[in-house]
Amino acid sequence: DPRRDVGGKQRQEFSAILGATLLNSSFDGTVIFHNLNFDLGFLLTKFQPSILFNSTKFSKIVDTLALSRIVRSNKSFTHVDPGGLKAHSLKFLVREWLDKKHTTFEEATGGINIRLADEQKVLRYNEKDAAFTYALASKMRQALHSDELRYFNNVEMPHILNLFHMNHNGVPFDSTMARSLTETLSEHLFTVERQIYHNAKRAFNIGSSAELHGALFHNHDLEFADASGNKRLLKPPFRTEKGRDKVSE
């Protein structure tokens with residue numbers, strides 16, 4: 001657990017492990033995280049502060065938190081956790097996917113500062129944490145369809161790593177270009193809004209669902225002819241549970 005203070009020798013040993021695995025693009029393996037944004041940033045800041053993150057120079061990385069978001073998109077819960085754990089937390093996922101109960105961090109440390117906690121208990125907790133994370137990664141990837149797995153590898157993980165790159169390294173900001181883009185977009189939005197008002201034959205607050213509803217539906221100025229040539233008015237295709245017309249769709 002990187003939150004625990006370690007001595008100089010231990011720090012060097014751990015840095016060497018990171019150098020041979022995580023920081024090695026030719027490492028023939030995968031480094032698995034659960035909540036990469038926190039853990040990776042912590043590891044680099046604590047043990048490799050001089051390293052600027054560049055995903056092309058790192059090993060292959062998988063985040064089980066990101067995996068859980070994808071499998072949750074079309075898979076149902078099998079239980080509701082009485083402890084109120086968050087649906088993407090490691091403890092909840094261990095129960096959900098592996099049918100096991102994982103010790104909490106507070107139980108492992110006895111609720112005291114980790115620097116004062118029993119070292120063996122903390123180590124056993126960390127070993128379980130790693131084993132469960134590995135098992136989750138394997139099982140979740142098997143549960144994904146080929147299209148979902150392709151999306152995870154080609155879109156989700158690169159996107160997460162890009163966001164981490166920006167948060168960890170920072171990004172250059174060109175205020176002159178930003179001002180120019182803002183002006184260009186404002187002019188474009190103004191033109192589009194005027195076209196909307198022209199088509200609806202009225203000006204209205206586009207951001208208001210009520211006013212948008214009035215401008216779109218039952219508006220004789222938006223009358224159209226159907227396939228049979230009959231005059232029709234636009235009608236809302238969906239309603240809310242309370243029977244109100246839905247505007248968003």
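The values are calculated or read from the model by the stated rules, or taken from the named source; none is laboratory data. Nothing here was measured: the structure is a model prediction, and the numbers come from that model. Don't worry about glycine lacking a Cβ; one is built from the backbone with ideal geometry, like all the others, and counts go over all protein chains shown. In case anyone asks, the SASA skips ligands and DNA or RNA and just uses the protein heavy atoms, side chains included. Shrake-Rupley method; radii C 1.70, N 1.55, O 1.52, S 1.80 Å.
Could you do me a favour and compute the accessible area per residue for the chain, 1.4 Å probe, result in Å²? Numbers along the way, then the final one.
Values: 16510 Å² over 249 residues.
For the chain, the solvent-accessible area averages 66 Å² per residue.
Can you give me the long-range amide H partners of residue 60? Hydrogens built in the peptide plane at 1.01 Å from N, cutoff under 5 Å, separation of 5 or more residues or another chain.
Residues meeting the amide H criterion: 29, 31.
Filter the trypsin sites (Lys or Arg not before Pro) in region 183-249 to those in DSSP coil with at most 10 other Cβ atoms within 10 Å of their Cβ, and list the result.
Here the trypsin sites (Lys or Arg not before Pro) that fit, given the DSSP loop and packing criteria, are 242.
Return a whole-number percent for the relative contact order of the chain, with Cα pairs under 8 Å and 6 or more residues apart as the contact set. Please report the intermediate quantities before stating the final value.
Working: 206 pairs, mean separation 36.7, N = 249.
In percent, rounded to a whole number, it is 15.
Between residue 227 and residue 135, what FRET efficiency comes out of the Förster formula 1/(1 + (r/R0)^6) with R0 = 45 Å and r the beta carbon distance, rounded to 0.05? Numbers along the way, then the final one.
Numbers: r = 56 Å, r/R0 = 1.25.
With a Förster radius of 45 Å, E is 0.20.
Please compute the Kirkwood hydrodynamic radius of region 177-228 from all pairs of different C-alpha atoms, in Å with one decimal.
Details: mean 1/r = 0.0778 Å⁻¹.
One over the average 1/r among Cα pairs gives 12.9 Å for region 177-228.
Measure out, as a whole number of angstrom, how far apart the alpha-carbon centroids of region 179-249 and region 95-140 sit.
The distance from the Cα centre of region 179-249 to that of region 95-140 comes to 53 Å.
Provide the gained length on full extension for the span residue 238 to residue 176, in nm with one decimal, where the gain is 0.36 nm per separating residue minus the Cα-Cα distance.
My answer for the length gained is 17.9 nm.
For residue 231, which lysines qualify as cross-link partners when the Cα separation must be under 21 Å and same-chain residues fewer than eight apart are set aside?
Hits, sequence-local ones excluded: 201.
Grab the beta carbon distance between residue 246 and residue 87, set R0 = 30 Å, and tell me the FRET efficiency rounded to 0.05. Can you show the working numbers first?
Working: r = 26 Å, r/R0 = 0.88.
Efficiency computed from Cβ-Cβ geometry: 0.70.
Assuming R0 = 41 Å, can you tell me the calculated FRET efficiency for the pair residue 16 and residue 149, based on Cβ-Cβ distance, to the nearest 0.05? Intermediate results must be reported in sequence, preceding the final value.
Details: r = 33 Å, r/R0 = 0.80.
So the FRET efficiency works out to roughly 0.80.
Using a 1.4 angstrom probe on heavy atoms only, work out the carbon and sulfur share of the accessible area of the chain in %. Each step should come with its number before you reach the end.
On the way: 8930 of 16510 Å².
Solvent-exposed carbon and sulfur of the chain make up 54 percent of the total.
When all alpha-carbon pairs of the chain are counted, what percent fall beyond 25 Å?
Values: 19807 of 30876 pairs.
That tail contains 64 percent of the Cα-Cα pairs.
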